[in-house]
Amino acid sequence: MLQVGNGGMRESEYRVHFSLWAIMKAPLLIGCDLSRVSNATLRILGNDEVIAVNQDRLGVQARKVQVSEDSLIEVWSGPLSEGRWVVALVNRSPISAKVTARWKAIGLNPVQYARDLWKKATMDKVISGALSARVPSHDVRLFLVWPATETL
């Protein structure tokens, strides 16, 4: 059961928790009292783009594809329907970090488009070779990616 909104975690940690449950295709069972949650919690639980990853008809779980030597930085990815992929950049360290997902490590074509699912914004350029982003401490950046051979 999801712990988002139950207390004991920062908003960023709830975002990580929800993102990992979504990409692992786990049942999104809300475990908090919805009559008492914050607006931030409602934004996390109600992110339709993240929920769509969880509910994708392909139904294949993401897997960890890259990990730092200290195991605090992780890249997760998994296939979605229509040739799309989900990529999660996870920072479990106590400081902000630049996290890079390499297309080759994931098994993707060298050029991709990307959409940040938490910011709900499509990047306005083709991403070649790798996707890098600054990820705050105990936070996640979650992207939907698809081949750049298609149009935006």
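The lone criterion from (1) part of a loop (DSSP other than H, G, I, E, B); (2) open to solvent by less than 60 Å² (accessible area, probe 1.4 Å) left unmet by Arg141 is number (1).
Looking only at residues that are surrounded by 13 or more Cβ atoms within 10 Å (Cβ to Cβ) and under 16 Å from the mean Cα position of the chain (by Cα) in segment 87-99, which one is nearest to Val126 (Cα to Cα)? Ranking the qualifying residues of segment 87-99, first place goes to Val87.
When the strands (runs of 3 or more DSSP E) confined to segment 17-124 are screened for residues that are among the β-branched types (Val, Ile, Thr), those reaching at least 3 such residues are found at 85-91.
Within the option set Arg102, Arg84, Arg134, being crowded, with 17+ Cβ neighbours inside 10 Å and not hydrophobic (A, V, I, L, M, F, W, C) holds for one residue only, Arg84. Among residues of segment 113-131 being open to solvent by less than 60 Å² (accessible area, probe 1.4 Å) and without any contact (Cβ under 8 Å) to a residue 12 or more places away in the chain, the one that is farthest from the chain's Cα centre (by Cα) is Met123.
Of the residues making up segment 46-58, those that are surrounded by fewer than 11 Cβ atoms within 10 Å (Cβ to Cβ) and either touching a strand residue (DSSP E or B) at 6+ places or on another chain (Cβ under 8 Å) or in contact (Cβ under 8 Å) with a residue 12 or more places away in the chain (or both) number 1.
Taking each residue of segment 5-31 that is hydroxyl-bearing (Ser, Thr, Tyr) and looking for partners that are assigned to a strand (DSSP E or B) and open to solvent by less than 40 Å² (accessible area, probe 1.4 Å) with beta-carbon atoms closer than 8 Å, six or more apart or interchain, yields Ser12/Asp139; Ser12/Val140; Ser19/Ala88; Ser19/Val90; Ser19/Val140; Ser19/Leu142. The residue that is surrounded by the most Cβ atoms within 10 Å (Cβ to Cβ), among those in segment 4-37 that are modelled with pLDDT under 75 and more than 22 Å from Phe143 (Cβ to Cβ), is Gly5. Report, by residue number, each residue of segment 66-81 that is open to solvent by 30 Å² or more (accessible area, probe 1.4 Å) and touching a helix residue (DSSP H, G or I) at 6+ places or on another chain (Cβ under 8 Å). Hits for segment 66-81 are Gln66, Trp76.
The values are calculated or read from the model by the stated rules, or taken from the named source; none is laboratory data. What you are looking at is a predicted structure, and each value in this text was computed from that prediction instead of being measured. Note: ideal-geometry Cβ built from the backbone for every residue, glycine included; neighbour counts use all protein chains shown. Areas reflect the complete protein model, heavy atoms only, side chains present, ligands, DNA and RNA absent. Shrake-Rupley method; radii C 1.70, N 1.55, O 1.52, S 1.80 Å.
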